[in-house]
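J.: Have a look at this one.
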Amino acid sequence: MSVLLLIALFSSLRLASAHIALWHPSTWGFNVTTHDFNYDNRPVVPLMHRTFNNWWFHGYLNYPPHPEDIFELPAGQTVTTQLACDKSATTYYGSSQSRGDIQDPKHPNNPCPGWPVTQFHTTGLSDVKGCALAIAYKDDVSQVKPEDFTVFSVNQVCVWNRYTDFAVPAKMPPCPNGKCVCAWFWIHAADSGSEQMYMIGFQCGVTGSTSNVGLATPKVARRCGADPENGKKDAVPGNCTYGAKQPLYWFQAEGNNMFEGTYAPPFYNDLYNFKEGAQNDIFQDSYASMPEPGPQQTALPVLANAQSTTQSTTKSTLECPGKRDTSAFSRRHASAERRTFTHKPLGMRRMLDLEERSDLQDTF
């Protein structure tokens with residue numbers, strides 16, 4: 001085989017690896033490769049026009065994590081995830097299909113080394129639309145339904161950074177039998193490629209819980225923020241869904257709760273009242289009153305405690321392997337070589353990330 005042919009083949013494989021996924025041993029499908037399905041169903045492959053069983057948990061329910069691989073969610077603190085276009089671009093490269101390390105030592109927060117930003121569906125930092133973590137308080141994934149998931153944390157600059165922080169609400173109650181089911185969700189901008197959504201499920205557990213107040217029943221989010229691209233200059237707060245909200249299930253053949261058109265996708269940001277950080281108003285006792293939302297509604301919900309929606313989190317010290325890994329590295333995979341990493345506050349991390357990557361708007 002000629003050198004040119006090898007280069008062309010390698011380039012095409014790398015291009016096919018684009019898009020983004022959350023990587024952690026606690027995820028369903030963590031070790032899925034191109035050989036496990038009769039079609040490309042790697043974690044980074046986007047979900048669009050799929051049947052329910054095909055998109056739900058990315059079709060990975062038969063590819064579960066080890067029972068002891070649990071992503072820990074310390075109540076009131078911040079966790080760090082790794083989002084990347086390929087497992088080889090994370091600290092888990094040793095179990096990747098190629099088993100090669102393609103992390104960028106000069107830009108360790110780069111989610112897609114060697115690819116332009118268009119490969120993770122953005123034209124630049126101003127074009128990212130956010131992603132979310134959701135939780136279902138059930139310890140048996142076979143019993144989890146779409147309406148069981150509640151979004152508990154949002155990062156509105158996702159997926160710009162490989163190391164992406166999520167703030168955990170302080171009032172999160174403990175999980176049944178120490179284990180819940182969580183998932184990561186992302187929908188990108190309409191101007192950045194085919195319309196699709198992303199879902200990666202993972203085992204999780206709340207630690208350091210000091211509350212037994214349950215989550216409220218999650219409702220479907222409503223499009224209520226300013227939407228100038230679709231002719232709506234001003235937000236309509238009375239039309240928002242407040243409190244516990246379901247993830248945005250969109251653009252599939254069945255099982256959707258969002259029915260927006262191709263060029264008006266839903267997002268995990270203010271457009272659907274998903275505020276940055278911990279979603280601190282998702283509990284059964286969060287609101288004293290909750291008027292029915294609508295386009296003409298002028299009355300707004302009243303919080304039971306004004307402090308319950310304070311978007312603040314506690315800086316956490318968490319153990320992780322390697323130079324800078326996820327805060328929730330599982331108990332089973334922890335090693336004697338791991339070291340302690342203290343997270344910078346979210347705002348400072350973001351400023352450092354933007355300064356470090358100001359010259360990378362077009363390509364990494």
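The values are calculated or read from the model by the stated rules, or taken from the named source; none is laboratory data. None of the values given here were measured: they were computed from a predicted structure. Every residue, glycine as well, gets a Cβ built from its backbone with ideal geometry; the counts of neighbours run over all protein chains shown.
J.: Could you tell me which residue of segment 120-143 is modelled with the lowest pLDDT, considering only residues that are out of contact with any Ser or Thr (no Cβ under 7 Å at 6 or more places or on another chain), assigned to a loop (DSSP other than H, G, I, E, B) and within 19 Å of Met258 (Cβ to Cβ)?
T.: Among those that are out of contact with any Ser or Thr (no Cβ under 7 Å at 6 or more places or on another chain), assigned to a loop (DSSP other than H, G, I, E, B) and within 19 Å of Met258 (Cβ to Cβ), it is Lys129.
J.: Return the residue satisfying two criteria in turn: it lies in segment 24-34 and is out of contact with any Asp or Glu (no Cβ under 9 Å at 6 or more places or on another chain) and modelled with pLDDT of 95 or more, and of such residues it is surrounded by the most Cβ atoms within 10 Å (Cβ to Cβ). Don't jump to the end; show me each part of the working.
T.: Residues of segment 24-34 out of contact with any Asp or Glu (no Cβ under 9 Å at 6 or more places or on another chain): 28, 31-33.
Still in the running and modelled with pLDDT of 95 or more: 28, 31-32.
On the way: Trp28: 23, Asn31: 15, Val32: 19.
Result: Trp28.
J.: Any idea how many residues of segment 43-72 are part of a loop (DSSP other than H, G, I, E, B), out of contact with any Phe, Trp or Tyr (no Cβ under 7 Å at 6 or more places or on another chain), buried (at least 19 other Cβ atoms within 10 Å of the Cβ) and touching a residue at least 40 places away in the same chain (Cβ under 8 Å)?
T.: Final tally of qualifying residues: 5.
J.: Would you confirm whether any residue within segment 241-253 is in contact (Cβ under 8 Å) with a residue 24 or more places away in the chain and surrounded by fewer than 15 Cβ atoms within 10 Å (Cβ to Cβ)?
T.: From segment 241-253, those in contact (Cβ under 8 Å) with a residue 24 or more places away in the chain are 241-253; that's our starting set.
Next, only the ones that are surrounded by fewer than 15 Cβ atoms within 10 Å (Cβ to Cβ) stay: 253.
Within segment 241-253, one or more residues are in contact (Cβ under 8 Å) with a residue 24 or more places away in the chain and surrounded by fewer than 15 Cβ atoms within 10 Å (Cβ to Cβ).
J.: Given the conditions (1) modelled with pLDDT under 95; (2) in a loop (DSSP other than H, G, I, E, B), report the number of the one that Gly347 does not fulfil.
T.: Every condition holds for Gly347 apart from (2).
J.: For Arg223, all conditions in the list (1) in contact with a Cys (Cβ under 6 Å, 6 or more places away or on another chain); (2) surrounded by fewer than 20 Cβ atoms within 10 Å (Cβ to Cβ) hold save one; what is the number of the exception?
T.: For Arg223, the exception is condition (1).
J.: Here is a further query. Does Gly231 satisfy the condition of being surrounded by fewer than 16 Cβ atoms within 10 Å (Cβ to Cβ) and at positive phi?
T.: Values: surrounded by fewer than 16 Cβ atoms within 10 Å (Cβ to Cβ): yes; at positive phi: yes.
Taking the combined requirement at face value, the residue satisfies it.
J.: Does Asp40 satisfy the criteria of being of a type in the set (Asp, Glu), under 20 Å from the mean Cα position of the chain (by Cα) and surrounded by fewer than 22 Cβ atoms within 10 Å (Cβ to Cβ)?
T.: no
J.: Just the residues that are within 22 Å of the chain's Cα centre (by Cα) and without any contact (Cβ under 8 Å) to a residue 40 or more places away in the chain, please, taken from segment 89-101. Talk me through it step by step, then tell me what you get.
T.: Residues of segment 89-101 that are within 22 Å of the chain's Cα centre (by Cα), as a first pass: 89-93, 95-96.
Across segment 89-101, the qualifying residues are Tyr93, Ser96.
J.: Based on this model, can you work out whether Gly208 counts as of a type in the set (Gly, Ala, Ser), within 22 Å of Cys182 (Cβ to Cβ), buried (at least 22 other Cβ atoms within 10 Å of the Cβ) and in contact (Cβ under 8 Å) with a residue 60 or more places away in the chain? Steps first, please.
T.: Details: of a type in the set (Gly, Ala, Ser): yes; within 22 Å of Cys182 (Cβ to Cβ): yes; buried (at least 22 other Cβ atoms within 10 Å of the Cβ): no; in contact (Cβ under 8 Å) with a residue 60 or more places away in the chain: yes.
No; evaluated as a whole, the condition is false for this residue.
J.: Of all strands (runs of 3 or more DSSP E) completely enclosed by segment 175-292, which ones contain at least 3 residues that are modelled with pLDDT of 95 or more and within 29 Å of Ile70 (Cβ to Cβ)?
T.: On the way: elements: 180-186, 198-207, 287-289.
By residue number, 180-186, 198-207.
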